[in-house]
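Some notes on the structure that comes next.
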Amino acid sequence: MHAILDGVRDLLVGFATDVGLVRDRNEDAYFAASRCYAVADGMGGHKAGEVASKIAIEVVASEYGERGSAAFDIANCIGKANHRVIQASRNRDELEGMGTTLTVVTLCEGVLKVGHVGDSRAYLIRADSIVQLTDDHSVVGELLRSGLLTPEEAECHPGRHAITRALGFSENLDIDIGERQLMPGDAVLLCTDGLHDIVSDDEIARTVGMSNDPDKACMGLVKLARARGGHDNITVVIVRIEESDVPSSSLLVPEPLDASGASDSGGRSP
Ligand code: MG
């Protein structure tokens, strides 16, 4: 785990990944570089899940590294990562059927861009409020959105770990893309389901709010998930936005935090 100052003094970043208490390997992967952050949660037998999430994160790292923040296209990048996972699974029998979630965000001039497939999540935390910016592409997520399940029923639904969209299965992948204006003091949090499945949104917001040090907040959240049984791998990335990353014009009209989210439900294909 590390806390790093990203740039001069405008972003503070923390990240942590933990195998948990039940799994024997960590199939999560993450990326945290200058103004680009991602998490991936791999699935598949043997080591395949680990390979899938690693490939996805490697593609994010190389695409962002090559293009830089101005030319980086999140949808295009996720499409490439999908293609690479499919190719790898075709080339090696032991990797057949592997897949991964992928949630990628970039920060540029006070705007957060989000690209997302799967059931990992991006949140925006502003003061005491927390908003989930991504839709869960899971059986339960779909049932919740269509009003066929209540949030209480969803918590113990047997299909809550079954995902409906992931990289690695079809070249025609629907990718959710969205964006949000950021405010000074906001925190952006990415995590895999090993965290959000057993730690509530309010607990996440409270833990992040308790410390200005995102590294400490990451450690606190991992500790909380482990205390609840740590049944899955746990990965969390927190980016805290300081004054100087937000253009002064956006300070004039504070945006209330609502639940409209960043996801474009129509999605977009690469
Ligand atoms: Mg998981």
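We did not get these values from a lab; they are worked out from the coordinates using the rules stated. As the structure is a prediction and not an experimental result, all values here were calculated from the model. Positions of Cβ are backbone-derived with ideal geometry, glycine not excepted, and every protein chain shown enters the neighbour counts.
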Only residues in the stretch 222-235 that are touching a residue at least 24 places away in the same chain (Cβ under 8 Å) and within 11 Å of the ligand (Cβ to nearest atom) count as the first member; pair them with residues that are assigned to a strand (DSSP E or B) and of a type in the set (K, R), Cβ under 7 angstrom, at least 6 apart or cross-chain, and list the lot.
none
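Just give me the residues in the stretch 41-90 being small (G, A, S), in a helix (DSSP H, G or I) and touching a residue at least 40 places away in the same chain (Cβ under 8 Å), in sequence order.
Correct list: A48, G49, A52, S53, A56, A75, G79, A81, S89.
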Within the stretch 69-124, residues at positive phi and touching a Ser or Thr at 6+ places or on another chain (Cβ under 8 Å) come out as G97, G110, G118
Of (1) more than 14 Å from the chain's Cα centre (by Cα); (2) within 16 Å of the ligand (Cβ to nearest atom); (3) surrounded by 17 or more Cβ atoms within 10 Å (Cβ to Cβ); (4) of a type outside the set (V, I, T), C191 fails just (1)
